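What follows is one structure encoded as structure tokens, with my remarks underneath.
The values are calculated or read from the model by the stated rules, or taken from the named source; none is laboratory data. Fair warning: this is a prediction, and the values are worked out from it, not measured in the lab. Here the Cβ positions follow ideal geometry from the backbone for every residue, glycine too, while neighbour counts run over all protein chains shown. Side chains included, ligands, DNA and RNA excluded: accessible areas come from the protein's heavy atoms. Shrake-Rupley method; radii C 1.70, N 1.55, O 1.52, S 1.80 Å.
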Amino acid sequence: MSSTADLKLDVFITPMRAMKGAPAQGPGDEPMWSPMSATLIHGEKEAVLVDTLVTFDQVDALSDWIEGFGKQLAGIYVTHGHSDHWIGLSRLRERFGDVPGWARPEVHERAVFEATNPGLSGYWQGVFPGEIPKEPAVPDKLDETSIELEGSELKVIDIGQGDTEHSTVVHVPSIAAVVGGDVVYNQVHMMTAETDAESRQAWIDNLNQIAALDPQIVVSGHHRVGAPTDPKSIGESQQYLRDFSRVVEEQETVDDIVKTMLDLHPDRDNPRVVWHCAREAVKKREQV
């Protein structure tokens, strides 16, 4: 498909914020949710949103921002099945009408699981009580691997392992951009809890796929407020994953894993993530 439109890309980032959760068990373990992005890809008259944010106040602020562009919202694409990236769909539809919500089949399946599994849906309701829909709408299946926007193609890539399996990214060739979901992180601690050493290596390899697209713009799902949309975040994410795998091998305790990772990466947002991931890594090691 040839490009016939000049597309633009703008990013809305909501800052790190408090959530409900278990009390801190060490420095930086306070219950916080990482900063998040939602990306608007737009032409002259229409726009596609990638990912939705989480809480009502975040989604309302996002909606105000979208309205400011004066474009028709043609659809909402969801990069992966973690609820924080699609649970705002219901609230967005309250503002913009019955806008299509799109997700690749395996992403759709994960979203349905998170919406209906008592443990997972209970988790989301527990950390954001009264701030998210009790019965959230899930995105529909998108069987195609491209979305047309005013004659330009948004390519959907089933990239595989990111911070969860079956992750996707959106490549916009006409503007050399990749919206990376939670495959790429930008100055935020990376959520490795669903991975082991083997799947982290797959994640690193998948980041090579993104680098091979030679993007000039890279948007991360968890993206620090004010951080540039710079492709260097690809290599930085790879280094973080290598460091985590090495540190988990070298350090015995949760506390030592956390301390070492925070020494290596002192400037990333939300150390709570490191505590969670270190606990999960130690659990996996003990189960072997």
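Among residues belonging to region 139-164 that are over 16 Å from the mean Cα position of the chain (by Cα) and among the aliphatic types (A, V, I, L, M), point out the one that is nearest to ASP6 (Cα to Cα). The qualifying residue nearest to ASP6 (Cα to Cα) is LEU149.
Within region 233-257, the only residue that satisfies the criterion of being among the β-branched types (Val, Ile, Thr) and in contact with a Ser or Thr (Cβ under 8 Å, 6 or more places away or on another chain) is VAL247. Screening GLY75, GLY28 for residues that are more than 18 Å from VAL170 (Cα to Cα), of a type in the set (Gly, Ala, Ser), out of contact with any helix residue (DSSP H, G or I) (no Cβ under 6 Å at 6 or more places or on another chain) and open to solvent by less than 30 Å² (accessible area, probe 1.4 Å) leaves exactly one candidate, GLY28. Among the criteria (1) closer than 21 Å to VAL218 by Cβ; (2) open to solvent by less than 10 Å² (accessible area, probe 1.4 Å), the one VAL54 does not fulfil is (1).
Against the criterion of being open to solvent by 30 Å² or more (accessible area, probe 1.4 Å) and closer than 23 Å to VAL273 by Cα, ASP158 does not qualify. Of all residues in region 269-288, those satisfying the criterion of being more than 19 Å from the chain's Cα centre (by Cα) and surrounded by fewer than 21 Cβ atoms within 10 Å (Cβ to Cβ) are ARG279, GLU280, VAL282, LYS283, LYS284, ARG285, GLU286, GLN287, VAL288. Kindly establish whether TRP102 is over 16 Å from ILE132 (Cα atoms) and modelled with pLDDT of 95 or more. Taking the combined requirement at face value, the residue satisfies it.
Please enumerate the residues belonging to region 238-272 that are among the β-branched types (Val, Ile, Thr) and either under 21 Å from GLU198 (Cβ atoms) or in contact with a helix residue (DSSP H, G or I) (Cβ under 6 Å, 6 or more places away or on another chain) (or both). Hits for region 238-272 are VAL247, VAL248, VAL254, ILE257, VAL258, THR260.
When we screen ARG200, ARG246, ARG242 for residues that are farther than 17 Å from VAL273 by Cα and out of contact with any Phe, Trp or Tyr (no Cβ under 6 Å at 6 or more places or on another chain), the only hit is ARG246.
Here the condition is being assigned to a helix (DSSP H, G or I), modelled with pLDDT of 95 or more and either touching a Cys at 6+ places or on another chain (Cβ under 8 Å) or not basic (Lys, Arg) (or both); of ASP163, ASP182, ASP158, ASP143, it holds for ASP182 alone. Just one of the numbered conditions (1) under 26 Å from ASP10 (Cβ atoms); (2) of a type outside the set (Val, Ile, Thr); (3) assigned to a loop (DSSP other than H, G, I, E, B) is not true of PRO266: (1). The set of residues in region 166-177 that are among the aliphatic types (A, V, I, L, M) and not in a loop (DSSP other than H, G, I, E, B) comprises VAL169, VAL170, VAL172, ILE175, ALA177. Sub-7 Å Cβ pairs linking a first residue in region 49-71 that is on the phi < 0 side of the Ramachandran plot and without any contact (Cβ under 8 Å) to a residue 60 or more places away in the chain to a second residue that is open to solvent by 50 Å² or more (accessible area, probe 1.4 Å) and in a loop (DSSP other than H, G, I, E, B), at least 6 apart or interchain, are LYS71/LYS45, ordered by first then second residue. Applying a threshold of 8 Å to beta carbon distances and a minimum spacing of six or more residues, or different chains, the list of pairs starting in region 256-277 at a residue that is of a type outside the set (Lys, Arg) and ending at one that is in a helix (DSSP H, G or I) and surrounded by fewer than 19 Cβ atoms within 10 Å (Cβ to Cβ) reads ILE257/VAL282; THR260/GLU250; MET261/ASP243; LEU264/ASP243; HIS265/ASP243; PRO271/LEU262; VAL274/LEU262. Yes or no: ILE204 part of a helix (DSSP H, G or I) and in contact (Cβ under 8 Å) with a residue 40 or more places away in the chain? In short, no.
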